[in-house]
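Rule-based calculations on the coordinates, nothing more; no lab input. Because the structure is a prediction, the values reported are computed rather than measured. Ideal geometry is used to build each Cβ from the backbone, glycine not excepted, and the neighbour counts take in all protein chains shown.
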Amino acid sequence: MPLRLFNTLSGKIEEFRPLEDNEVRMYACGPTVYDYGHIGNFRTFIAVDILRRFLRQSGYKVRHVMNITDVDDKIIRNSAQAGVPVQQYTKKYEQAFLEDAAFLNIEQPELVRATEHIPEMAEFIERLVQKGLAYRSDDGSYYFRIAKFPAYGKLSKRDFAGMEDGARVDLDEYEKDNARDFALWKSPKPGEASWESKIGPGRPGWHIECSVMSMQELGVSFDLHAGGEDLIFPHHENEIAQSESATGKPFAHFWFHARFLLVEGEKMSKSQGNFFTLRDLVLKGH
């Protein structure tokens with residue numbers, strides 16, 4: 001009996017078929033290690049773990065890669081406030097995440113870390129600039145020209161026809177109807193952590209991290225990309241735009257998104273303050 005999944009890209013339930021007969025290459029967006037993960041986060045990781053186990057049980061050879069986002073806006077802000085280097089700040093929360101995942105019996109995928117792939121990200125951005133798909137701003141940051149990707153919005157099913165060409169946003173996370181040229185590389189601000197690269201000093205934007213790491217590990221076209229539904233726009237939409245613009249080939253063929261864990265009808269999130277960590281529940285006796 002074939003596996004049928006809802007594919008966010010097509011908006012339909014489809015039969016899942018890998019690109020190669022007996023191998024599934026899947027990439028899942030992992031944690032941003034700026035704090036402890038809450039059980040809403042782990043709902044997504046459990047859903048992906050069940051999918052991976054089912055695929056393997058069905059006879060497929062599964063290569064499952066997951067990123068650890070160990071540099072982004074929140075991490076830069078929090079590590080600066082704490083007065084510690086980024087790597088020292090994130091190490092604590094990465095270890096806590098791995099411990100919590102093991103406690104839930106989630107099988108550990110292959111892990112890739114953003115800070116270990118910064119030279120490759122700079123090279124990828126340079127390629128986009130050479131193709132006229134990205135540009136450098138006056139402060140040394142780099143942005144992707146979404147007007148150069150006519151299919152922008154195909155994952156989130158939003159119509160961005162009226163977007164303002166050349167308007168920019170440098171926040172990693174932004175409003176769902178706010179289509180703007182997004183940051184690929186951010187020039188350093190005073191007191192911020194930064195890295196030297198062939199395109200200048202700075203740090204990668206969140207979206208470029210997953211494109212570069214997934215394609216480096218799994219190839220320019222792979223079978224399945226997974227994550228929580230909050231990542232559909234802008235994160236996954238931006239991944240598709242920059243990846244397919246650079247390669248001219250389809251990025252991920254199947255997109256698997258897990259629904260939010262709701263608390264009294266609201267998304268569980270740190271910003272709402274309505275979350276529980278796994279550790280909270282253990283201390284409560286659950």
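Things worth noting here:
- Tail beyond 25 Å, pair distance distribution of the chain (Cα, percent): 48 percent
- Reduced Cα scattering model of segment 73-137, Debye log10 I(q)/I(0), q = 0.17, 0.23, 0.28 Å⁻¹: -0.83, -0.99, -1.12
- Candidate cross-link partners of Lys12 among the lysines, defined by an alpha-carbon separation under 23 Å and a same-chain spacing of 8 or more, comprise Lys154, Lys157, Lys176, Lys249.
- Cα gyration tensor category, rounded, prolate or oblate, for segment 197-267 with a/c compared to 1.5: oblate
- Extreme residue, positive dipole direction of the chain, given options Ile68, Met121, Val84 (C-beta unit charges): Ile68
- Once C-alpha pairs closer than 8 Å and six or more residues apart are averaged by separation and normalised to the residue number of the chain, the relative contact order reads 24 percent.
- For the chain, a simple Cβ point-charge model (Lys and Arg +1, Asp and Glu -1, everything else neutral) yields a dipole of about 340 debye relative to the Cα centre.
- Just so you know, the Cα atoms of segment 130-265 work out to an Rg and Dmax of 15.4, 49 Å.
- Cα-only radius of gyration and Dmax that characterise segment 1-117, units Å: 16.6, 55
- Pairs of alpha carbons in segment 80-201 whose separation is greater than 17 Å (percent): 68 percent
- Kirkwood hydrodynamic radius of segment 1-63, from inverse mean 1/r over distinct Cα pairs, in Å: 13.4 Å
- 3J(HN,Hα) from dihedral phi, segment 211-226, Karplus parametrisation 6.51/-1.76/1.60, rounded to Hz, x for glycine, proline: 4, 5, 5, 5, 6, 5, 7, 10, x, 5, 10, 9, 6, 8, 10, 10
- Summarising the amide proton neighbourhood of Asn67: residues at separation of 5 or more, or on other chains, whose placed amide H is nearer than 5 Å comprise Ala28, Gly30, Val112.
- Among beta bridges from DSSP that stay inside the chain, the antiparallel ones total about 40%.
- The chain: calculated mean residue ellipticity at 222 nm from DSSP helix runs of at least 4, using -39500 (n - 2.57): -10000 deg cm²/dmol
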